[in-house]
Amino acid sequence: MPACAVDDRIRSRGLTPAVTPSTIHLMDRPPPPTPLPPPPGTFAPAPPAGPVPQRDNGFAIAALVLGILGFVFPLICGVPAIVFGVLGRARAKEGGPNGGLALAGLILGIVSTVFWVLIFAIAFIGAAVCNANPGSCA
């Protein structure tokens with residue numbers, strides 16, 4: 001193809017005739033496709049992104065954990081388990097979750113506290129009996 005024909009093709013496309021041999025092949029390509037129109041209909045805007053607040057009843061979880069630990073650590077964990085169990089039940093009645101965990105922690109706290117109070121009472125009574133009658137204790 002003569003150089004003047006190339007210049008005419010370039011001018012017919014609205015380009016400047018400053019063409020190099022490495023860009024001539026670009027003129028033979030079709031123009032890029034036009035983007036597709038949006039689909040018909042309207043769409044609701046996406047909700048704003050952000051953290052979803054999670055409702056949790058920490059009192060209920062604390063009551064359950066302390067209620068279980070109350071059997072190992074006497075009175076240190078049993079009494080707080082009762083307190084947190086009552087607070088967790090109150091929060092669950094207001095619409096919070098984990099009412100069952102709060103009840104389980106409350107029951108475990110009561111049982112562990114009563115268990116250790118009985119153990120200490122039996123030990124105290126036994127020690128008192130042994131001190132009063134030294135010959136009756138082996």
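Some observations on this one:
- Matching option when the condition is assigned to a helix (DSSP H, G or I) and touching a Leu at 6+ places or on another chain (Cβ under 6 Å), among A121, A127, A60: A60
- Among (1) crowded, with 17+ Cβ neighbours inside 10 Å; (2) of a type outside the set (D, E); (3) assigned to a helix (DSSP H, G or I), the one test that G96 misses: (3)
Read-outs: derived from the displayed coordinates by stated rules, not from any lab. Values in this document were obtained by computation on a predicted structure and should not be read as measured data. Cβ coordinates were reconstructed from backbone atoms using ideal geometry, including for glycine residues, and neighbour counts include every protein chain displayed.
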